[in-house]
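Student: There's a structure below that I have some questions on.
The values are calculated or read from the model by the stated rules, or taken from the named source; none is laboratory data. Predicted model, so just to flag it, every value in this text is computed and none were measured. Counting neighbours? That spans all protein chains shown, and the Cβs are built from the backbone with ideal geometry, glycine included. Areas reflect the complete protein model, heavy atoms only, side chains present, ligands, DNA and RNA absent. Shrake-Rupley method; radii C 1.70, N 1.55, O 1.52, S 1.80 Å.
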Amino acid sequence: DAGTKDEDKRFTVAIDPGHGGIDGGARGHSGTQEKAITLAFALELRKALEESGKYRVVLTRDRDVFLRLDERVRIAREQGANLLISIHADAIRLKDFRGSTVYTLSEKASDAEAAATAARENLSDELAGIEAEEIRNDVADILADLMRRETHVFSIQFARTLVNEISDTVQLVNNPLRSAGFRVLRAHDVPSVLLELGYLSNAEDEKQLRDPEWRARAARGIVRAVDLFAEARARAGG
């Protein structure tokens, strides 16, 4: 790494563009693929975060490649991420349904819709012919368990901040703060959220997601949320 030590101390944000390669994700009203939207948005968000000069930004993928869900988590952890934001765009049968949702991890889903979304997103590995194995860390490790709980608190803190900061520019679903068993949010030491930007199955949402100006505005809202979260973590000394 050519970076200086000072740079290495910067707050590190890992951005995870959902899907990729063989796994196209959801397909839009007029054919837009989720994997393309998530990558375009992630690149936009990286640019916005890097422009502030305050952050080191890591992408789990910066091109159209397939990554296993645990691989995405591993990259964030190995890069010393202080925060992981996984970017997605959903599609459902209800064409009128639109808006953004912010998810955190929970073993028991907050509602049936969140459970269904997690089930869809967790299918990524199976699509590529990979057997999903439930990774159970023995909870005998009390330190890891305490860290997991603390990380969970931070994840919820960031999720709330994110909802507040994007609500001006982004239309949110009812109860935009939801939770379910997303495999990509399972790092026990990295606060993590999954942001469903909108519904590709809705013509208006799809149009927005394809619009670079809308993406730039939404990215700015996320940067404000990261600013507040990073400042709060710095004040708390970690």
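Student: Can you say whether SER52 is surrounded by fewer than 19 Cβ atoms within 10 Å (Cβ to Cβ) and of a type in the set (S, T, N, Q), as far as the supplied structure shows?
Tutor: Numbers: surrounded by fewer than 19 Cβ atoms within 10 Å (Cβ to Cβ): yes; of a type in the set (S, T, N, Q): yes.
It is true that SER52 is surrounded by fewer than 19 Cβ atoms within 10 Å (Cβ to Cβ) and of a type in the set (S, T, N, Q).
Student: Looking at ARG160, is it among the basic types (Lys, Arg), farther than 24 Å from SER106 by Cα, at pLDDT 95 or above and in a helix (DSSP H, G or I)?
Tutor: Details: among the basic types (Lys, Arg): yes; farther than 24 Å from SER106 by Cα: no; at pLDDT 95 or above: yes; in a helix (DSSP H, G or I): yes.
Considered against the rule, which asks whether it is among the basic types (Lys, Arg), farther than 24 Å from SER106 by Cα, at pLDDT 95 or above and in a helix (DSSP H, G or I), ARG160 comes out as no.
Student: Out of region 153-170, which residues are open to solvent by 60 Å² or more (accessible area, probe 1.4 Å) and either in contact with a strand residue (DSSP E or B) (Cβ under 7 Å, 6 or more places away or on another chain) or of a type in the set (A, V, I, L, M) (or both)?
Tutor: Passing the criteria: VAL153, ARG160.
Student: Return only the number of the condition from (1) closer than 16 Å to GLY99 by Cβ; (2) touching a Ser or Thr at 6+ places or on another chain (Cβ under 7 Å) that ALA225 does not satisfy.
Tutor: Here ALA225 clears every test but (1).
Student: Does region 4-59 hold any residues that are aromatic (Phe, Trp, Tyr) and over 15 Å from the mean Cα position of the chain (by Cα), and which are they?
Tutor: Just the residues of region 4-59 that are aromatic (Phe, Trp, Tyr), to begin with: 11, 41, 55.
Passing the criteria: PHE11, TYR55.
Student: Residue check: is ARG63 open to solvent by 60 Å² or more (accessible area, probe 1.4 Å), out of contact with any Gly (no Cβ under 6 Å at 6 or more places or on another chain), modelled with pLDDT of 95 or more and farther than 25 Å from ASP227 by Cβ?
Tutor: Details: open to solvent by 60 Å² or more (accessible area, probe 1.4 Å): yes; out of contact with any Gly (no Cβ under 6 Å at 6 or more places or on another chain): yes; modelled with pLDDT of 95 or more: yes; farther than 25 Å from ASP227 by Cβ: yes.
Yes; evaluated as a whole, the condition is true for this residue.
Student: Report the residue count in region 218-238 for those that are basic (Lys, Arg) and modelled with pLDDT of 95 or more.
Tutor: So the first thing to find is which residues in region 218-238 are basic (Lys, Arg), and the list is 220, 224, 233, 235.
Still in the running and modelled with pLDDT of 95 or more: 220, 224.
Qualifying residue count, region 218-238: 2.
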